[in-house]
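The values are calculated or read from the model by the stated rules, or taken from the named source; none is laboratory data. These numbers come from a predicted model, not from an experiment. Every residue, glycine among them, receives a Cβ derived from its backbone with ideal geometry; neighbour counts consider all protein chains shown. Ligands, DNA and RNA are stripped out before the accessible areas are found, and what is left, the full protein with its side chains, is counted by its heavy atoms. Shrake-Rupley method; radii C 1.70, N 1.55, O 1.52, S 1.80 Å.
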Amino acid sequence: MKILIDDANVDKIKALYDYYPIDGVTTNPSILTKSGRKPYDVLCEIREFIGPNAQLHAQVISPKAEDMVKEGHKIVEMLGKNTFVKIPAVPEGIKAMRLLSQEGFGVTATAIYTPMQAFWSAKAGADYAAPYVNRIDNLGADGVAAAKKMHDIFKNCGFKTEILAASFKNSQQVQELCEYGVGAATLAPDTIENFLKNACVTSAVDVFISDFENSYGKGATMLNY
Ligand code: E4P
């Protein structure tokens, strides 16, 4: 299962890459706006940092399919290989997905709230479909269950499309999709950091250190022996 960072803050991306095995970065127009920088300035800096082998997902803005296709061409021209063009799963978007995937571009269907949006995206040739798990929960529905259903549709219908689950509020939502074996999840930096924040774990590790130091001296480690 691939894990991507859903953010455009380069310092945060660098800090997370330092600790965690990360497969790439996703952005959306709102995330890019929050960076306070010009879109390609920040996206090119992210690409330079993550390298050509990591995935970078960037979204089109145009409402019409033909213009989405043009934006897709420009996005990939600017950001290079392993760049996925994110396209909303609306009728114009489905058309753009079909055209771009026929040309061999990587495509991520986004703004997915329902299994049938995922189905049409897959039929249009999308590589990934991004269900908005927490936003679905906020509608009073079950975001994790919806994402699982989309995963099942892809497998049962023989589509190559994978789930790129997005919009999470907590670790439990992510864990359930890990258990289910979905293809990928994109997570905000604080969601990633929260997985391993656990007072019991911290306390257990502290006791190991203090037991060792009480016997062998302050600051002693296995390097001293
Ligand atoms: C990813 O494709 C989405 O743009 C993003 O994860 C949405 O997350 P949010 O619901 O936290 O804004």
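Within region 148-163, the set of residues being in a loop (DSSP other than H, G, I, E, B) and more than 16 Å from the ligand (Cβ to nearest atom) comprises 158, 159, 160. Of the residues making up region 61-76, not a single one is among the polar types (S, T, N, Q), modelled with pLDDT of 95 or more and within 16 Å of the ligand (Cβ to nearest atom).
Please tell me if residue 177 is touching a residue at least 40 places away in the same chain (Cβ under 8 Å), in the same structural domain as residue 115 (by TED's automatic domain parsing), assigned to a strand (DSSP E or B) and not basic (Lys, Arg). For residue 177, the condition - touching a residue at least 40 places away in the same chain (Cβ under 8 Å), in the same structural domain as residue 115 (by TED's automatic domain parsing), assigned to a strand (DSSP E or B) and not basic (Lys, Arg) - is not met.
Inside region 4-58, residues that are in a loop (DSSP other than H, G, I, E, B) and not polar (S, T, N, Q) make up a count of 12.
Within region 77-125, can you find the residues that are among the hydrophobic types (A, V, I, L, M, F, W, C) and within 14 Å of the ligand (Cβ to nearest atom)? Across region 77-125, the qualifying residues are 84, 85, 87, 89, 107, 109, 111, 112, 118.
Within region 7-29, residues that are more than 18 Å from residue 168 (Cβ to Cβ) sit with their Cβ atoms under 8 Å from residues that are of a type in the set (Phe, Trp, Tyr) and open to solvent by 60 Å² or more (accessible area, probe 1.4 Å), at 6+ positions apart or across chains, in these pairs: 10/49; 14/49; 17/49. All conditions but one from (1) more than 16 Å from the ligand (Cβ to nearest atom); (2) open to solvent by less than 40 Å² (accessible area, probe 1.4 Å); (3) in the same structural domain as residue 7 (by TED's automatic domain parsing) apply to residue 145; the one that does not is (2). When region 76-86 is filtered for residues that are assigned to a helix (DSSP H, G or I) and under 22 Å from residue 163 (Cα atoms), only 76 remains. Selection of region 173-196 for residues being away from the ligand (no atom under 12 Å from the Cβ), within 18 Å of residue 22 (Cα to Cα) and open to solvent by 30 Å² or more (accessible area, probe 1.4 Å) yields 175, 178, 181, 193, 194, 195, 196. So for region 164-172 (the condition being assigned by TED's automatic domain parsing to the domain that holds residue 120, assigned to a helix (DSSP H, G or I), within 12 Å of the ligand (Cβ to nearest atom) and under 22 Å from residue 114 (Cβ atoms)), does at least one residue qualify? No, that holds for no residue. Selection of region 85-135 for residues being more than 17 Å from the chain's Cα centre (by Cα), closer than 18 Å to residue 56 by Cβ and surrounded by fewer than 23 Cβ atoms within 10 Å (Cβ to Cβ) yields 101, 104, 105.
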